[in-house]
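What follows draws every value from the coordinates through simple rules; no lab data is involved. Not measured: the values here are computed from a predicted model. Cβ sites come from the backbone with ideal geometry, for glycine too, and all protein chains shown count toward neighbours.
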Amino acid sequence: MSEKVVITDVGPRDGLQNQPKILSVEERLELVHAIAAAGVPQIEVGSFVSPRAVPAMAGTDQVFAALKASEFATPTIALIPNMKGYELARAAGAKSVTMVLYASDGMAQKNAAMTMAEAEVITLEILKLAKQDGIEVIATVAVVFECPFDGPTDPAVVEAIVAKFMAAGADQLVLADTIGAAHPQQVRELTAALVASHGAERLGCHFHDTRAMGLANVYAAVESGIRRFDSSIAGLGGCPFAPGASGNVATDDIAMMLQQMGFDTGIDLDRLMSASNLAQTLTGTAPGGRSKAWLQGYLAKQVG
Ligand code: COA
Ligand code: ZN
């Protein structure tokens with residue numbers, strides 16, 4: 001039996017939040033269904049954030065309602081920036097939330113009008129409530145390698161946040177390279193240290209491909225034992241509050257690479273290409289994975 005890697009497609013949230021074109025709830029649902037049909041095991045389907053701050057995520061409650069009505073079977077996640085987001089996610093029936101923590105005050109301020117310390121206090125409160133509510137909490141630490149406002153991040157800051165929230169009972173901790181500034185050596189060092197202290201089970205990584213190092217960084221994290229990754233269908237993405245951030249590492253590329261390396265992702269690459277094509281058609285801007293042209297030709301030959 002090959003070893004599992006769990007991919008969470010964050011395209012319908014991280015991807016769509018930064019597109020020039022705002023998709024309708026129906027279009028967002030179509031994309032979520034296409035990603036699920038490809039066997040992606042988890043999908044971040046939207047966020048509960050201020051619709052003034054991120055207009056593309058307005059209506060996430062309707063996305064949840066429609067998924068519930070259709071007895072959608074793939075586990076879904078909602079991103080939240082604060083307590084109001086938690087309350088909205090819970091009311092919408094979310095069973096898993098991603099709460100954002102920060103490795104810099106500059107990013108905390110720009111993204112959520114908080115300090116790092118305030119985000120920590122709120123996350124601890126959310127963890128308590130979520131235990132009672134039966135909701136899973138993924139704590140994603142933003143800008144773990146570099147912040148667009150405050151510069152390079154001290155790994156000791158990230159290690160302290162991870163230790164605190166591992167102890168506080170977060171279901172997972174995700175290390176986010178929000179602007180795609182990391183290189184593989186940094187990734188190897190940070191992930192190896194964290195895996196040594198906490199084990200890999202609850203750790204994940206989230207890379208953006210701004211400097212074409214997304215896949216190399218995934219590989220470095222895999223080498224350290226990380227088995228959970230966020231990625232976006234067709235490489236959609238970017239954070240509206242982090243200047244210079246481009247799309248996430250593409251699910252297309254990461255699924256192909258991990259499968260070729262012998263990992264079990266549960267993803268059907270042929271169907272994933274259909275989801276990737278849909279993402280490109282719906283947005284008009286999704287780049288598509290770098291491997292896509294080759295992969296489509298290869299898959300066509302397999303079938304034919
Ligand atoms: N969802 C929806 N609305 C929210 C909200 C949430 N999670 N949190 C706050 N709001 C509303 C408030 O109710 C208030 O509405 P009102 O003016 O109609 O009363 C308004 O947003 C402003 O609230 P305030 O507390 O003053 O916040 P702010 O203006 O300082 O903005 C955030 C802070 C967090 C609400 C906003 O910056 C945000 O939504 N950021 C999310 C950023 C994001 O999604 N980044 C990408 C993912 S990491
Ligand atoms: Zn991101």
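For V45, the amide hydrogen comes within under 5 Å of the amide hydrogens of I77, counting only partners 5 or more places away or on other chains and with H modelled in the peptide plane. The sum of -39500 (n - 2.57) across all DSSP H runs of n ≥ 4, divided by the residue count of the chain, sets its helix-only mean residue ellipticity at 222 nm to -13500 deg cm²/dmol.
Note on S50 and D171: their simple-model spin labels are 2.8 nm apart, each label 7 Å out from Cα toward Cβ. Among the lysines of the chain, pairs that are 8 or more positions apart or on different chains and have alpha carbons within less than 28 Å of each other number 28. Separation of segment 277-291 and segment 1-70, taken as the distance between their Cα centroids, equals 15 angstrom. 3J(HN,Hα) couplings calculated from phi for segment 135-150 with the Karplus curve 6.51 cos²θ - 1.76 cosθ + 1.60 (θ = phi - 60°) are, in sequence order, 10, 7, 10, 9, 9, 9, 8, 7, 6, 6, 10, 7, 10, x, 9, 9 Hz; Gly and Pro show x. Extension gain for A91-D264 works out to 58.9 nm (0.36 nm per residue, less the C-alpha to C-alpha distance). Placing unit charges on the Cβ atoms only, positive for Lys and Arg and negative for Asp and Glu, gives segment 173-251 a dipole magnitude near 60 debye about its Cα centre. Computed from point charges on the beta carbon alone (+1 for Lys and Arg, -1 for Asp and Glu), the dipole magnitude for the chain about its Cα centre is near 320 Debye. Here the chain is scanned for trypsin sites (Lys or Arg not before Pro) in DSSP loops (not H, G, I, E, B) that have at most 13 other Cβ atoms within 10 Å, and the longest stretch holding none of them is 53-304. Relative contact order of the chain, taken over Cα pairs closer than 8 Å and 6 or more residues apart, is 21 percent. When DSSP beta bridges are restricted to pairs lying wholly in the chain, around 10% turn out antiparallel.
When you filter the chymotrypsin sites (Phe, Trp or Tyr not before Pro) in segment 215-304 for DSSP loop state and at most 12 other Cβ atoms inside 10 Å of their Cβ, nothing is left. Each principal axis of the Cα cloud of segment 128-186 was evaluated for its coordinate range; sorted largest first, these ranges are 38, 22, 19 Å. Applying 1/(1 + (r/R0)^6) with R0 = 22 Å to the Cβ-Cβ distance of E26 and A73 gives a FRET efficiency near 0.65.
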